[in-house]
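What follows draws every value from the coordinates through simple rules; no lab data is involved. Every value quoted in this text rests on a predicted model; they were computed, and no experiment measured them.
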Amino acid sequence: GAGVSQSPSNKVTEKGKDVELRCDPISGHTALYWYRQRLGQGLEFLIYFQGNSAPDKSGLPSDRFSAERTGESVSTLTIQRTQQEDSAVYLCASSLSGSRQGTYGYTFGSGTRLTVV
Amino acid sequence: SQKIEQNSEALNIQEGKTATLTCNYTNYSPAYLQWYRQDPGRGPVFLLLIRENEKEKRKERLKVTFDTTLKQSLFHITASQPADSATYLCALSISGSARQLTFGSGTQLTVLP
């Protein structure tokens with residue numbers, strides 16, 4: 001597609017339920033990132049996928065969070081047993097990749113606004 | 001600990017003036033520094049990238065400087081317009097690490113007509 005697509009755009013869930021967030025990156029972008037943005041705050045790194053390499057999960061805040069990516073396409077971020085502190089906007093981004101990662105800007109989706117009640 | 005600081009949470013300027021936003025960092029040796037624009041309810045949009053061996057980069061009304069001695073980047077918008085009102089984020093990428101960008105918390109810019 002023309003851009004990074006995320007779904008749903010909004011999700012309200014009850015505390016303790018599991019949620020799954022989806023990201024469709026730009027075709028040809030081998031790198032995919034998930035970030036979390038709490039209200040009025042900066043972006044917090046969660047996880048990074050690069051091709052078929054093992055993902056960098058160093059930003060996941062707890063074992064309730066997990067993510068998968070199918071090849072170099074769709075990714076899903078799953079939050080189990082949601083807590084109110086999980087309420088935030090979850091942003092996905094993709095980029096071209098190479099040996100010098102930082103040379104390419106990221107293309108972000110519009111995010112999924114998660115509200116845990 | 002590593003830290004990225006962007007100047008004052010909010011910056012108001014008059015239309016037509018030059019807006020200058022600051023990004024300071026500590027305990028990083030970034031290879032690249034990027035600036036993004038974020039509008040309410042939207043994801044950040046990439047604006048400019050500058051490498052550690054570059055002093056300045058320009059794109060239309062935008063100019064970015066990068067001083068690795070001062071550990072600072074300045075982001076300038078000349079002839080500012082109300083449409084430039086948004087939150088601007090700086091982000092650092094670490095050399096030799098195929099990892100994620102680390103973002104500052106942003107500066108909210110309002111250009112007053």
Check: Out of residues 5 or more away from A:Ser5 or on other chains, whose amide H comes under 5 Å of its own, with H placed 1.01 Å from N in the peptide plane?
Finding: A:Asp24
Check: What share of Cα pairs, in percent, lie more than 25 angstrom apart in the protein assembly as shown?
Finding: 41 percent
Check: Between B:Ser105 and B:Asp39, what length comes free when the chain is fully extended (0.36 nm per residue of separation minus the Cα-Cα distance, one decimal in nm)?
Finding: 22.4 nm
Notebook entry, point to check: What do the square roots of 5 times the Cα gyration tensor eigenvalues come to for the range A:16-57, in whole Å, largest first, as semi-axes of the equivalent ellipsoid?
Noted result: 21, 14, 12
Next item on the list: Can you pull a Stokes-Einstein diffusion coefficient for the range A:5-99 at 20 °C (1.002 mPa s), Rh from Kirkwood over Cα pairs, as a whole number of µm²/s?
Entry: 157 µm²/s
Item checked: Global size of chain B as Cα Rg and Dmax, reported in angstrom -> 13.6, 44
Check: If you take every DSSP beta bridge whose two residues both sit in the protein assembly as shown, what share of them, in percent to the nearest 5, is antiparallel?
Finding: 90 percent
Note to self: Given all pairs of different Cα atoms, what value in angstroms does the Kirkwood hydrodynamic radius of the range A:33-87 take?
What the structure shows: 12.1 Å
Checklist line | Contact order normalised by residue count of chain A, Cα under 8 Å, 6+ apart, percent | finding: 37 percent
Note to self: Show me, for the range A:74-88, the HN-Hα J-couplings you get by feeding each phi into the Karplus relation (A = 6.51, B = -1.76, C = 1.60, θ = phi - 60°), rounded to Hz, glycine and proline as x.
What the structure shows: 4, 10, 10, 10, 10, 10, 9, 6, 4, 10, 4, 5, 7, 4, 4
